[in-house]
Amino acid sequence: MEELLEILSDLHPEVDFEVEEHLIDDGILDSLDIVNLISEISEEFDVSITAKDIIPENFNSAKALYSLIQDLGEE
Amino acid sequence: MQNHVLKYLNQIVRKKPDKLAYSDGTQSLTFREVYRYSRSIGSYLHRKGIYKKPVVVFMHKSPKEVTAFFGVIAGGCFYVPIDEEMPSGRIQLILDNVQSPLILCDETTAEKAAAFQVKDCQIALYDEIAQTQIDDEALDDIYRRAIDTDPIYIVFTSGSTGIPKGVAACHRSVIDYIEQLSEVLQFNEDTVFGNQTPLYFDACLKELYPTLKFGATTYLIPRNLFSVPVALVEYLNEHKINTVCWVVSALTMISAFGTFQVVKPEHLHTVAFGSEVFPIKQFRLWREALPEAAFTNLYGPTEGTGMCCFYRVDREFAEGEAIPIGRPFPNREILLLTQEGKPAEAGQEGEICIRGTSLTLGYYNDPVRTAEAFVQNPLNTAYPEVIYKTGDIGRYNEAGELVFVSRKDYQIKHMGHRIELGEVEVNVGMVAGVQMTACIYDAKKVKIVLYYVGELSEKELTEALKGRLPRYMIPNKIIRLEQMPFTANGKIDRVTLKNIYEKRG
């Protein structure tokens with residue numbers, strides 16, 4: 001989780017990712033952020049996120065994103 | 001001869017009054033409604049005595065906003081779109097430049113609009129003025145008196161001095177563009193557009209006006225969908241969207257994550273893209289997914305009204321190769337000029353300059369910067385003839401196709417947006433506690449990288465920039481330095497900065 005929060009705050013230093021729960025719905029993360037985020041995550045965690053995973057439920061909060069990474073890691 | 005853009009609307013409303021013209025998925029307007037409401041807005045302007053003036057349209061992206069644009073033109077004025085995505089500092093600069101007597105708002109923007117400082121400027125709500133009694137006589141008179149070199153809109157583009165430049169286009173340049181573009185991309189009455197670009201740039205001309213010309217339909221796709229590729233493609237399918245003119249990054253968002261293995265666009269037959277290099281690997285994924293579709297690369301600066309050149313992809317490209325920008329649309333010419341103002345030799349690089357009817361009128365209320373970029377054609381000394389110097393360097397390849405090479409200055413294309421790094425630097429420099437600043441662009445990772453020297457933390461600086469710069473201009477990496485590197489003659493050493501950046505990995 002630490003590493004993920006670091007990646008996120010690197011992207012948007014002004015956002016408090018520990019509390020934000022509508023990153024996609026509120027447009028805090030735009031499509032470029034998503035692209036950058038996915039490439040950083042795949043490097044850091046060695047998982048591959050594909051289109052079917054890129055849904056608001058998985059990206060709306062750091063917590064949701066982290067559980068996606070864990071699920072993908074177990075596969 | 002057509003000399004007024006609203007002729008498209010006047011004709012189509014008779015042929016297809018009840019067809020859907022514009023929709024954002026929740027709100028929809030037919031041609032009859034677009035016609036009626038725009039004439040109400042025009043009548044309102046007339047009643048207020050607002051004529052031949054810039055009218056600011058500050059609305060949520062919606063079919064109503066599109067109708068407001070046409071309403072402003074119906075009143076003999078020209079629209080200046082601004083958007084809630086723009087930071088307030090930038091909006092104030094735009095308002096200062098245009099000195100508009102009226103800001104047209106909706107419920108979502110009215111409060112914000114009231115907070116700006118503009119002398120003798122009123123605020124009106126779309127929903128109220130769209131009910132104005134239509135004054136046919138006055139509108140017909142305004143229509144008859146229009147000249148095709150009268151402006152119809154001003155859109156603002158990044159300026160290196162920190163002050164955005166307002167590019168003013170007229171009926172004639174827009175009509176010329178719409179006619180040529182429609183021919184090249186073969187739009188027709190069955191075209192269903194999926195619009196991606198914001199309405200406050202000229203990019204949206206591609207959908208808004210051909211929709212009127214042919215009685216086609218445009219869906220304004222909600223912005224959030226561009227972050228969720230599967231849902232985006234499902235949206236295209238649901239609305240039977242068959243034509244898209246998108247920035248490259250919106251297309252690669254879909255192809256890069258295996259979306260096509262889950263869902264494919266079923267109706268899409270025309271894909272135009274532009275302003276950015278399309279990575280060939282991603283482009284191939286698109287072609288494999290849509291082998292029957294026509295793919296066209298478009299190129300053109302706002303100053304030339306929309307797009308200027310096109311290249312219909314008709315062969316394979318190797319990875320790392322750039323798709324050409326091809327050749328100009330009919331009725332305009334590209335001059336490739338050397339520094340001495342001479343035509344470039346075959347294969348030689350030169351500045352891309354545009355000649356023809358599609359040139360815009362110049363920068364609004366800005367004769368100095370207009371004179372720098374809109375100049376007398378150096379190859380013609382016989383009579384006045386203006387060309388626009390794009391600042392883009394190009395050359396012709398062996399097949400005789402124009403290829404984009406680089407920029408002359410610090411202008412970049414980032415996520416489809418045209419940005420002067422100088423504008424970013426000027427705005428950073430204005431933040432209290434920043435002493436020195438320099439921007440570089442990492443084209444490979446698509447990142448604006450900012451270096452600065454100052455007391456502020458990186459986080460504080462980002463926060464301060466949000467009120468000054470549009471979101472797409474906020475640097476993606478902000479790095480504080482103890483000292484700025486300088487070259488021997490005292491300029492900030494951008495080469496060293498690039499090296500520092502690359503070493504960080």
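Here, each number is a calculation from the coordinates, and none is a lab measurement. Keep in mind that this is a model prediction, so the values were computed, not measured. Because the Cβ atoms are built from the backbone with ideal geometry, glycine has one as well, and the counts that use them run over all protein chains shown.
What translational D, rounded to a whole number of µm²/s, comes out for the protein assembly as shown from Stokes-Einstein when the hydrodynamic radius is the Kirkwood one over Cα pairs, at 4 °C and 1.567 mPa s?
52
If I take all pairs of Cα atoms in segment B:6-170, what percentage of them are more than 28 Å from each other?
Here the long-distance tail beyond 28 Å is 19 percent of all Cα pairs in segment B:6-170.
Filter the trypsin sites (Lys or Arg not before Pro) in segment B:97-146 to those in DSSP coil with at most 11 other Cβ atoms within 10 Å of their Cβ, and list the result.
Loop-located and lightly packed - B:K119.
If you take the Cα atoms of chain A, find Rg, then find the Kirkwood Rh from the mean of 1/r over all pairs, what is Rg/Rh?
Result: Rg/Rh = 0.91.
Over the Cα atoms of segment B:79-235, each weighted equally, I'd like the Debye log10 I(q)/I(0) at q = 0.10, 0.17, 0.20, 0.21 Å⁻¹, rounded to two decimals.
Debye intensities relative to I(0), on a log10 scale: -0.48, -1.35, -1.48, -1.47.
Does anything in segment B:386-414 have its amide N under 13 Å from the 7 Å Cα→Cβ label point of B:V375, and if so which residues?
B:386-392
Under the Kirkwood approximation for Rh and a Cα-based Rg, what ratio Rg/Rh is obtained for segment B:394-490?
Here the Rg-to-Rh quotient is 1.07.
So how far, in whole Å, is the C-alpha centre of segment A:23-46 from the one of segment B:102-161?
38
When the gyration tensor of segment B:390-446 is built from Cα positions, what are the square roots of 5 times its three eigenvalues, in whole Å, from largest to smallest?
Semi-axes (√(5λ), whole Å): 31, 11, 9.
With every atom except the alpha carbons ignored, what do you get for Rg and Dmax of segment B:437-476, in angstroms?
10.4, 30
At most 15 other C-beta atoms within 10 Å and a DSSP loop state: those are the exposed chymotrypsin sites (Phe, Trp or Tyr not before Pro) I care about. Give me the longest piece of chain B that has none.
Excluding the exposed sites themselves, the longest stretch runs over B:52-316.
Can you tell me how much longer the chain between B:Q99 and B:M1 gets when fully stretched, taken as 0.36 nm per residue apart minus their C-alpha distance, in nm with one decimal?
Stretched out fully, the B:Q99 to B:M1 stretch lengthens by 32.0 nm.
Roughly how compact is segment B:173-285, stated as its Cα Rg over 2.2 N^0.38 Å to two decimals?
Here the answer is 1.04, to two decimals.
B:K498: which lysines have alpha carbons under 29 Å from its alpha carbon, excluding same-chain residues fewer than 8 sequence positions away?
Within the straight-line limit of under 29 Å, B:K498 reaches these lysines: B:K165, B:K281, B:K389, B:K408, B:K413, B:K444, B:K445, B:K447, B:K459, B:K466, B:K477.
So what does the Cα-only Debye profile of segment B:221-409 read at q = 0.12, 0.16, 0.18, 0.19 Å⁻¹, as log10 I(q)/I(0), no solvent term?
Relative scattering, expressed as log10 I(q)/I(0), comes to -0.67, -1.00, -1.15, -1.23.
Treating only the Cα positions of segment B:446-505 as identical point scatterers, give the base-10 log of I(q)/I(0) from the Debye formula at each q in 0.15, 0.24 Å⁻¹.
-0.51, -1.08
Would you give the gap between the C-alpha center of segment B:300-319 and the C-alpha center of segment B:7-44, rounded to a whole Å?
Using only Cα atoms, the two centres lie 31 Å from each other.
Where Rh is the Kirkwood radius over the Cα pairs of chain B, the temperature 10 °C and the viscosity 1.306 mPa s, what D in µm²/s does Stokes-Einstein return?
The calculation lands on 66 µm²/s.
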